[in-house]
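Here the structure is laid out as structure tokens; the discussion comes afterwards.
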Amino acid sequence: MALIVHKYGGTSMGSTERIKNVAKRVAKWHDAGHQIVVVPSAMSGETNRIIGLAKEIMAQPDPRELDMIASTGEQVSVGLLSMALQAIGKQAVSYAGWQVPIKTDSAYTKARIESIDDAKVKADLDAGKIVVITGFQGVDEKGNITTLGRGGSDTSAVAIAAALKAQECLIYTDVDGVYTTDPRVVSDARRLNTVTFEEMLEMASLGSKVLQIRSVEFAGNYRMPTRVLSSLTDPLMPLEEEANSGTLISFEEDTNMEQATITGIAFSRDEAKITVLGVPDKPGIAYQILGPVADANIEVDMIIQNQSVEGKTDFTFTVPRGEYAKAMAVLEGSVKAHIGAASIVGDTKVSKVSVVGVGMRSHVGIASQMFRTLSEEGINILMISTSEIKISVLIDEKYMELAVRSLHKAFGLESA
Ligand code: ADP
Ligand code: ASP
Ligand code: MG
């Protein structure tokens with residue numbers, strides 16, 4: 001008998017029929033003698049619908065109130081799933097984040113989990129119940145409801161698995177594992193049986209939304225075995241087969257000498273680029289520009305500072321597109337005048353494409369192959385950033401899919 005956490009995403013919970021299938025699958029695992037905690041997302045489209053309502057009222061909705069409503073989709077899901085389990089004879093109980101409680105900081109719309117109390121859940125499991133806990137939401141120390149950022153149910157699931165010292169966290173979704181790139185963009189993308197934790201971390205941080213990045217961080221910090229697998233198979237398929245399907249995040253670096261140099265291509269459509277022009281080139285300038293942006297809780301990604309000409313330079317960086325207006329407001333508000341910049345310009349029609357692979361450590365020439373492929377397609381590179389196991393480029397958004405497809409081919413990632 002093992003304690004296992006299942007997470008089901010929006011598509012997997014997309015209709016009452018699908019919820020009944022989730023219940024059948026969960027019941028199968030419970031019947032096999034396991035203790036099961038289920039963490040569902042809102043039904044597909046629901047979180048978008050709710051955020052859309054908020055935006056009809058206010059262009060920039062108040063973050064506390066936004067979390068108050070955005071978290072409700074998950075509350076519907078846990079209740080329905082508990083009922084579906086009860087309807088097939090299982091004892092099940094649902095909890096919202098605050099009831100567990102799952103404590104977070106107060107950064108509305110992108111809160112971080114600080115602690116999870118396991119007492120109530122453990123008692124229910126020991127009493128033979130299946131416990132269904134909302135994904136995506138938590139509660140801060142003042143009792144305010146918070147959410148963990150889009151795709152945050154993955155993080156709830158892995159964090160709950162870590163807190164309960166579960167044997168494994170199974171992330172059920174609408175694809176049957178992690179692929180070399182998004183199979184919706186490249187139809188012959190190949191499913192990976194395993195992916196190293198480091199590569200998954202890079203892929204998630206570079207935009208592969210199959211797992212939210214913080215879930216991968218939790219998996220790494222707690223060495224929680226985490227598997228991505230399909231929820232759209234027959235829920236009554238043999239358990240052994242299901243338990244070994246999909247993609248396992250591994251913590252061992254593959255020692256196989258023939259491993260691919262590049263594991264996958266990640267992309268993020270929703271980037272924005274900001275350039276502060278005519279900045280005096282003197283110590284502290286990067287801090288004076290980026291400090292206030294960080295204080296506004298906006299994540300900065302790629303950064304370039306140009307060569308200075310006559311003591312002036314241009315400073316360019318990228319932010320998530322959804323934070324562009326806020327970042328511009330911060331810069332125009334106080335920073336521009338304070339540092340004596342000439343002007344601030346922005347571009348919201350840019351995307352980032354990255355090649356990722358631990359094999360890059362021992363292979364040279366990946367960057368030149370990447371740049372050659374893009375140049376052969378006539379794609380202009382706006383910014384570049386690298387780490388030991390990835391190279392990212394910022395390009396015009398209209399070339400994003402072309403770039404992903406041609407790089408996928410150039411690095412031989414397609415399925416045989
Ligand atoms: P869920 O609602 O189950 O959380 P998501 O839509 O958040 O599902 O994530 C699954 C989706 O991630 C897939 O449908 C796929 O389009 C996308 N995706 C992006 N990159 C990858 C990748 N490398 N491998 C698999 N899926 C990917
Ligand atoms: N329902 C939330 C979202 O749409 C969380 C999740 O699906 O993981 O972002
Ligand atoms: Mg998701």
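Readers should treat all values here as calculations from the given coordinates under stated rules, not as data from a laboratory. Remember, it's a predicted structure, so these values are computed and weren't measured experimentally. Positions of Cβ are backbone-derived with ideal geometry, glycine not excepted, and every protein chain shown enters the neighbour counts.
Of note:
- Simple spin-label estimate for Ile57 and Ser343 gives 3.9 nm between the two label positions (7 Å along the Cα-to-Cβ direction from each Cα).
- Cα pair distances of region 36-86 binned at 10 Å [whole percent]: 24, 45, 22, 8, 0
- Maximal additional length on extending the Gln99-Tyr287 stretch stands at 63.6 nm, based on 0.36 nm per residue less the C-alpha distance.
- Approximate shape of region 252-361 as ellipsoid semi-axes (Cα gyration tensor, √5λ), whole Å, largest first: 34, 16, 12
- Average silhouette area of the chain, convex hull of alpha-carbon atoms, in square nanometres: 21.8
- Contact order relative to length of the chain, as percent, for alpha carbon pairs under 8 angstrom and 6 or more apart: 14
- Enclosed volume per residue, in Å³, of the convex hull spanned by Cα atoms of region 1-60: 71
- Anisotropy class of region 38-164 from Cα gyration tensor, a/c 1.5 cut: oblate
- Helix 16-31 axis versus longest C-alpha principal axis of the chain: approximately 60°, rounded to the nearest ten.
- Computed 3J(HN,Hα) for region 128-137, one whole-Hz value per residue from the Karplus formula 6.51 cos²θ - 1.76 cosθ + 1.60 where θ = phi - 60°, is x, 8, 8, 9, 10, 10, 4, x, 6, 10, glycine and proline marked x.
- Label zone at Glu241 (point 7 Å along Cα-to-Cβ), backbone N below 20 Å, region 12-48: 21-33
- Close amide H contacts of Met383 (hydrogens built in the peptide plane, cut-off under 5 Å, sequence separation of 5 or more or a different chain): Leu394.
- Relative contact order for region 262-416: 31 percent, from Cα pairs under 8 Å spaced at least 6 residues apart, divided by residue count.
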